[in-house]
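Encoded as structure tokens, the structure appears first; notes follow it.
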Amino acid sequence: MFSLIFTWLIIAWGTLACIYMLRCAWTRFPRRDLDDVVHFLHPVDLSLAESLLDPAADFELRWHSTPRAYREATRRRMRLYLELVRRMSHNSRVLIEYGNAIMRREYPNEDQPADTLENPRAALASDLQHAAISVRLYALLVVVRLRLRLWFPLDTFGVLPVLQLAHLRIAGEVDGPKTYHELKTAAEAAFVQFQPADLPVLTRNL
């Protein structure tokens with residue numbers, strides 16, 4: 001019975017996260033100058049994220065640890081992955097702002113058209129925004145799930161099994177590390193067009 005209630009709580013949190021994501025997608029973020037954006041990014045180590053999500057690493061940890069040690073090690077890995085996902089979320093928000101700034105530059109006196117394909121520069125910004133929104137959706141869903149498991153460690157009492165981080169690779173039908181890599185690629189393409197001199201800083205900070 002408690003497991004069913006907990007499942008519905010997770011679904012409710014996920015629904016609220018989706019609503020928040022849609023609100024962010026359809027409303028403008030606070031304006032920042034194009035030159036400032038790159039300095040607000042937080043580095044994300046995708047190789048570390050991949051190692052945390054590796055099911056083989058989780059199996060090896062479980063095999064060589066006592067149940068208590070495995071739970072403690074998993075909680076440490078959860079906190080580390082939570083930090084990486086929070087950085088993904090932050091960077092996606094900053095890059096949505098960047099896309100908005102590009103759109104304002106391309107269409108200073110008119111609303112953004114529904115089809116941006118006729119304007120290659122606007123198309124780059126649109127691709128960047130779409131990738132950023134996908135990353136933000138993933139991050140919101142994963143952060144909710146990780147925070148619930150860290151705040152309420154029900155696996156300690158055997159109510160729920162220990163969370164396997166490999167199960168967090170995909171959330172909301174979005175592959176987190178893969179989509180973040182696509183976001184990095186879209187950001188690099190936009191910076192090559194608009195701010196080529198800042199590309200090395202972007203690569204380092206993103």
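The values are calculated or read from the model by the stated rules, or taken from the named source; none is laboratory data. Keep in mind that this is a model prediction, so the values were computed, not measured. Cβ sites come from the backbone with ideal geometry, for glycine too, and all protein chains shown count toward neighbours.
So that you can scan it fast, the table gives a plain yes or no per residue for (1) among the polar types (S, T, N, Q); (2) surrounded by 16 or more Cβ atoms within 10 Å (Cβ to Cβ); (3) on the phi < 0 side of the Ramachandran plot; (4) touching a Gly at 6+ places or on another chain (Cβ under 8 Å):
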| residue | (1), (2), (3), (4) |
| --- | --- |
| Ala122 | no, yes, yes, no |
| Gln129 | yes, yes, yes, yes |
| Arg147 | no, no, yes, no |
| Leu165 | no, yes, yes, no |
| Ile170 | no, yes, yes, yes |
| Glu173 | no, no, no, no |
| Tyr180 | no, yes, yes, no |
| Pro196 | no, no, yes, no |
| Leu202 | no, yes, yes, no |
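Can you pull out every residue in the range 79-108 that is among the aliphatic types (A, V, I, L, M) and closer than 20 Å to Leu137 by Cβ?
Leu82, Leu84, Val85, Met88, Val94, Leu95, Ile96
Show me the helices (runs of 4 or more DSSP H) entirely contained within the range 1-97 in which 1 or more residues are small (Gly, Ala, Ser), surrounded by fewer than 15 Cβ atoms within 10 Å (Cβ to Cβ) and at pLDDT 85 or above.
Result: 46-52, 55-63.
Would you mention how many residues in the range 156-199 are among the aliphatic types (A, V, I, L, M) and closer than 21 Å to Val85 by Cβ?
Selection size over the range 156-199: 12.
Filter the range 173-203 down to residues that are at pLDDT 90 or above, of a type in the set (D, E, K, R) and in a helix (DSSP H, G or I), then give me how many there are.
Here the count works out to 4.
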